[in-house]
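As structure tokens, the structure follows; a few thoughts come after it.
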Amino acid sequence: MAGFAPGAPVKEVFIADQGNERIQVFSFEGGLLRHIYPGECSMGTCLPPWLANLQALDADSLGRLHALDNFEAVVSILDPLTGDYLGEYGQFGEGPGFLRVPFGLVILESGHSIVTSGDSDRLEVFAIP
């Protein structure tokens, strides 16, 4: 996944590093620019967005990074430079509007997010907050 500033040339590539619970940011030349470690944990309590199992990334038209957590069944909205938490949508559950085993994430120009399910033939469409 790449780029963030609307209309600006793409300058960065964002990689979901699931095993290390972080997002790696590279230049197009392949140089590591920075790591984003979302959330903080202390004494068993984690502040959002604690990404237990980072599954997918995409960016919206405002330049915000959307990070799908497969385990927590939530999409966190992050600042792409700092990793600061800006909000979230989705929650674990069955039925319309809920996520059970979220697998993929696509942000549409319309301001909607599509999250696919890994355990069935369904997807959820969210209006991005």
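The values are calculated or read from the model by the stated rules, or taken from the named source; none is laboratory data. Worth saying up front: this structure is predicted, and the values here are computed from it rather than measured. All Cβ positions, even for glycine, are placed from backbone atoms using ideal geometry, and neighbour counts span all protein chains on display. Surface accessibility is based on the protein's heavy atoms, side chains included, excluding ligands, DNA and RNA. Shrake-Rupley method; radii C 1.70, N 1.55, O 1.52, S 1.80 Å.
Table for the structure above
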| item | result |
| --- | --- |
| Every residue from the stretch 67-114 that is hydrophobic (A, V, I, L, M, F, W, C), open to solvent by less than 20 Å² (accessible area, probe 1.4 Å) and either in a loop (DSSP other than H, G, I, E, B) or touching a helix residue (DSSP H, G or I) at 6+ places or on another chain (Cβ under 9 Å) (or both) | Ala73 |
| Residue ID - surrounded by the most Cβ atoms within 10 Å (Cβ to Cβ), chosen from residues in the stretch 36-60 that are of a type outside the set (A, V, I, L, M, F, W, C) and at pLDDT 90 or above | Gln55 |
| Residue tally, condition modelled with pLDDT under 60, closer than 23 Å to Tyr89 by Cβ and open to solvent by less than 50 Å² (accessible area, probe 1.4 Å), over the stretch 1-35 | 3 |
